[in-house]
Amino acid sequence: MAGDPFHERLSELGPALLNALAAFEEVRRRLDPPQIPGLREAVQPIAARLHVALAAFAATPAPDGLGDLAAQLRQSAEAADAALELFCGDASPAQAIPRVLRAMHEHCRAQALLYPLRRVLPPVSRFFFEPAVRDRAAELDADPRPDTPTGIITARQKDGARGGFSLYVPEYYDAARAWPLIVALHGGSGTGDDFLWTWLTEARSRGCLLLSPTSLGSTWSLMDEDVDAEALRAMMRYVREHWNVDADRILLTGLSDGATYTLLCGLQADMPFTALAPVSGVLHPANLMNGNLDRAAGRRIYLVHGARDWMFPVATARMAHRELQRAGADIVFREIEDLSHTYPREENALILEWFDPSLRLEQTSD
């Protein structure tokens with residue numbers, strides 16, 4: 001509304017927030033220690049624009065009936081503002097990595113706070129779709145179903161301990177057909193609540209259920225007793241009991257420790273996964289002794305690694321590729337020249353189209 005201070009501030013904050021979220025997504029993709037100064041310089045104007053718009057919005061009273069919307073939007077913008085401040089601010093060497101990790105968490109929290117506003121703010125709904133389907137946002141962002149839960153569903157431990165999961169069910173879910181399921185495993189010290197946002201847009205755009213568990217320990221069961229495998233089985237049973245999962249289309253993927261566990265757990269004899277897509281992980285030595293390599297014969301695996309990975313040098317991925325190929329796996333190996341030890345979000349589309357060609361989208365110039 002012209003001349004309405006609240007709507008004017010809203011029209012400034014909304015684009016600034018969406019631009020900031022997209023910019024930080026690019027930061028996460030390019031997060032390589034030598035590149036950090038340049039990344040900070042690039043996002044500082046975007047951070048400044050968000051900070052100014054947020055301050056103006058917070059100082060403007062909301063009209064009657066819009067107080068809850070204003071508060072939710074402000075909280076999302078505050079989380080995005082915090083993410084950029086944590087990333088761009090000066091820090092001692094000891095604090096640099098913790099600050100980046102906190103910034104990444106705030107970026108996820110900003111998205112979690114923003115997503116519920118998609119029904120009343122159409123640009124938000126479009127933001128959480130891939131460009132090829134953004135013109136169908138109104139059609140695909142359906143009314144909540146009375147018979148089946150859809151959207152983001154969380155299950156956490158009652159005592160606050162680690163474990164549990166976040167689950168995304170597309171709002172246009174229809175139980176009359178079977179749906180592909182993506183199971184996405186976070187990296188060390190991460191959570192499923194945060195890692196969900198690494199895949200939500202693609203799951204929402206292409207019609208996939210998305211399960212993002214949290215490990216029972218600080219990372220997945222890579223060293224001692226495997227306590228996470230049974231937890232994953234229980235989560236899978238829950239999802240399959242309540243939603244129509246296509247048993248022939250279940251993808252297990254993960255980042256870093258989640259990628260390592262994707263192979264260690266996904267190749268077990270009694271797991272339901274039909275394809276594996278580990279990103280920036282390693283082939284755990286236990287796979288050489290527990291029969292997993294024997295079971296790798298014929299298994300579909302999409303292995304992704306960065307040539308600039310500083311945590312797990314790319315030589316480890318090349319070795320994993322050779323071993324899995326020798327074991328008879330149906331394997332694709334993607335070595336990405338400019339990728340450090342971080343997540344290549346653009347690879348999601350390629351993974352899904354490899355996993356199931358029917359999930360391919362018509363690309364647009366949007």
Tally of residues being out of contact with any Cys (no Cβ under 6 Å at 6 or more places or on another chain), surrounded by 14 or more Cβ atoms within 10 Å (Cβ to Cβ) and at pLDDT 95 or above across region 36-46: 4
Testing ARG126 on (1) within 19 Å of LEU31 (Cα to Cα); (2) assigned to a helix (DSSP H, G or I); (3) not hydrophobic (A, V, I, L, M, F, W, C), one condition comes back false. Which one is that? (1)
Sort out which residues of region 292-318 are exposed (fewer than 13 other Cβ atoms within 10 Å of the Cβ) and either among the aliphatic types (A, V, I, L, M) or more than 26 Å from the chain's Cα centre (by Cα) (or both), and write them in order of number. ASP294, ALA297, GLY298, ALA315
Any residue in region 311-324 that is assigned by TED's automatic domain parsing to the domain that holds VAL279 and assigned to a helix (DSSP H, G or I) sitting within a Cβ distance under 8 Å of a residue that is of a type in the set (Gly, Ala, Ser) and exposed (fewer than 15 other Cβ atoms within 10 Å of the Cβ)? List the pairs, counting only those 6 or more apart or interchain. VAL314/ALA307
Could you list all residues from region 75-126 that are among the β-branched types (Val, Ile, Thr), closer than 24 Å to ALA203 by Cβ and surrounded by fewer than 20 Cβ atoms within 10 Å (Cβ to Cβ)? VAL120
Condition test on ILE182, is it surrounded by fewer than 20 Cβ atoms within 10 Å (Cβ to Cβ) and within 26 Å of ARG28 (Cβ to Cβ)? no
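The values are calculated or read from the model by the stated rules, or taken from the named source; none is laboratory data. If you're wondering where the values come from, they're calculated on a predicted model, not measured in any experiment. FYI the Cβ positions are ideal-geometry reconstructions off the backbone, even for glycines, and counts take in every protein chain you see.
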